[in-house]
Amino acid sequence: MDRTIALGAIFIECNHFGGIAADMATFERNDLCRGKEVLQLSTGTVGGMLQALDGKARIAPTLIASACPSGPLTNECYRALKDELLIRLKAQLPVDGVLMPLHGAAAVEGEGDLEGDLLAAVRELVGEGVPIVATLDLHAHVTQQMIQNADALLAWETYPHRDSFSTGQRGAWALLDILDGRLVPSMVMAKVPMLVSGVFGQTEGDGPFADVMRAAKLLESRPEVYSTSAFLVHPYLDLPDMGGGTLVIANNHYPLAEQLATALALMYWSRRFDLEPEVYEPADAIRRGLEIEGGPVLLVETSDCCGGGAAGDAVAALKALIDADVSLPALIPVVDPQAAETCRGAGCGQQVTLSIGHGVDPQWGTPVVLTGTVRRLGDGKFRYEGGIWEGRLGDMGPSAVLEVGSLSILITTHGTYEWADEQFQTMGLNALDAKFVVAKNPMNYRMSYADISKGAFILKTSGPTPPTLRGVQLRNLKRPFYPADEDIPGLVPTILRHNG
Ligand SMILES: [Zn+2]
């Protein structure tokens with residue numbers, strides 16, 4: 001073990017349309033591992049990296065900061081995390097390689113491309129001769145700065161994201177292959193200007209993106225192709241050159257990498273119409289849901305997705321359930337720190353009258369005033385049973401279940417990433433008992449409720465993570481792009497290459 005590999009990252013997905021900025025408290029509440037603490041991580045991307053490097057390299061751990069998606073990082077927060085990571089890295093130089101488990105769609109207030117900036121800073125510190133390998137979410141917004149400053153980028157292959165561990169392993173193996181001379185990466189990204197939500201982005205079974213992913217992965221069986229990555233892109237950043245596509249790493253063969261990446265990007269472009277979902281007004285979805293026998297029927301309020309950076313405080317679905325006078329059980333999650341505090345102050349079994357919703361990111365709607373009974377109180381801590389943060393603690397903060405007629409409203413202090421239904425379960429709520437369940441994500445609900453759901457409707461509501469980008473005003477992304485432009489005659493994918 002005569003080689004040393006540095007390990008560190010800032011991992012978060014950011015939203016430019018809404019949500020609240022991420023500060024140090026955001027990371028402290030989620031995951032902030034420093035120095036040797038990093039070596040204790042056994043799950044997720046870092047767990048996979050450590051497992052793959054076990055016995056093969058000495059690890060120089062720096063900093064792993066990861067958090068639930070949010071608005072951009074404050075400048076102060078980014079500076080603090082970046083400085084700490086670089087100071088810890090500098091103290092352990094020289095190293096033979098650097099591994100960075102990144103997301104790829106993080107942003108800093110007033111600036112774009114956190115990962116590009118961070119990779120450039122690490123490159124400057126370690127020099128040109130030290131390989132840097134980073135892993136990314138398939139929702140990454142891949143930029144020239146990222147491609148230029150990393151030797152290899154490898155993305156998750158699954159959505160819902162089940163493969164962070166194996167992607168960590170793949171990233172570590174790629175770095176070892178570079179160090180051992182087995183891989184001379186020729187890395188090319190081909191991008192097409194497409195902004196689509198995650199609703200049809202699944203990688204399993206049938207679907208437009210599943211087809212693209214399968215085609216990309218099939219190419220890995222070719223001896224000259226080391227790795228392929230397909231990117232949906234996180235569509236809620238307003239940055240220049242946004243888009244999805246594919247990244248190909250060929251073994252010392254740039255023309256082939258470019259040719260394959262281009263063909264795959266055009267295949268992705270050709271499926272753009274299939275990636276746009278049908279959406280329903282909440283009242284219409286409820287009416288249709290009531291016609292379905294049994295439950296749960298999912299009301300997918302994906303425009304308020306904490307996993308996409310929204311605040312989780314919208315009450316459009318809740319209001320529609322009240323307006324429709326639904327008398328069957330329904331579960332509705334709402335982030336509202338003040339309402340959670342009021343419930344806690346009143347105590348279990350007490351009746352309260354509350355204003356709920358749109359208190360954290362008020363631009364998307366108005367609160368609803370309700371009278372109900374506090375049925376349960378809790379500290380909001382739960383453990384993820386899969387996904388990116390498998391085994392790690394989630395923290396909703398002080399939380400309450402408020403019963404209003406047949407409705408059970410899960411009121412939490414903080415927004416949390418929805419993997420399955422851990423949040424409901426922790427607070428004693430069971431989807432099986434409900435006619436309607438409000439799910440605030442575009443994708444994971446398919447997996448969480450696959451065996452029990454009787455139907456699902458994507459709601460047309462306002463929020464920073466809408467199901468379609470049709471009609472969304474962007475400042476920094478220049479047209480033409482889909483879906484603002486349905487067709488772009490003569491479209492040629494934008495090519496990003498390591499080494500220009
Ligand atoms: Zn993702």
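Side notes on the structure shown:
- For the range 348-500, the C-alpha radius of gyration divided by 2.2 N^0.38 Å, with N the number of residues, is 1.35.
- Comparing 165, 143, 372 along the charge dipole axis of the chain, the residue lying farthest to the positive side is 165, per the Cβ-charge model.
- Along the chain, the longest continuous region that contains none of the trypsin sites (Lys or Arg not before Pro) in a DSSP loop with at most 13 other C-beta atoms within 10 Å is 183-474.
- The chain, relative contact order [Cα under 8 Å, separation at least 6], %: 18 percent
- Rg of the Cα atoms in the range 4-275, relative to 2.2 N^0.38 Å, amounts to 0.94.
- Compactness index (Cα Rg / 2.2 N^0.38 Å), the range 71-114: 1.33
- Cα long-axis angle, helix 254-270 against the chain (0 to 90 degrees, to the nearest 10): 20 degrees
- Dipole magnitude of the range 4-275 about its Cα centre (Cβ charges: Lys, Arg +1; Asp, Glu -1), debye to nearest 20: 480 debye
- Pairwise Cα distances in the range 102-215 exceed 26 Å in 22 percent of cases.
- Amide H contacts of residue 31: 66, each under 5 Å away and 5 or more positions distant or on a separate chain (H built 1.01 Å from N in the peptide plane; Pro and chain starts excluded).
- The range 205-319 - convex hull of alpha carbons, volume per residue in Å³: 151 Å³
- CD proxy at 222 nm, helix term only [per DSSP H run n ≥ 4: -39500 (n - 2.57); per residue of the chain; nearest 500]: -8000 deg cm²/dmol
- Sorted by Cβ density within 10 Å, fewest first, the residues 433, 163: 433, 163
- Nearest-ten-degree value, helix 282-291 long axis tilted from longest Cα axis of the chain: 70 degrees
- Here is the list for the range 272-369: GluC sites (Glu not before Pro) lying in DSSP coil, each with at most 14 other C-beta atoms within 10 angstrom of its C-beta, are 278, 293.
- Pairs of lysine residues in the chain that meet both criteria, 8 or more places apart or on different chains and Cα atoms under 17 Å apart, total 8.
- Acute angle (nearest 10 degrees) that the helix 75-90 long axis makes with the longest principal axis of the chain, alpha-carbon atoms: 40 degrees
- Percent of alpha-carbon pairs separated by more than 36 Å within the chain: 29 percent
- Using θ = phi - 60° and Karplus 6.51 cos²θ - 1.76 cosθ + 1.60, couplings along the range 447-455 (whole Hz; Gly, Pro as x): 7, 4, 10, 3, 7, 10, 5, 9, x
- Residue (of 97, 239, 21) at the positive-pole extreme of the chain, dipole from beta-carbon charges: 97
Bear in mind these aren't lab numbers, they're just calculated from the coordinates by the rules spelled out. Treat the numbers as computed from the prediction; the structure is a model and nothing was measured. Virtual Cβ from ideal backbone geometry, glycine too; neighbours counted across all protein chains shown.
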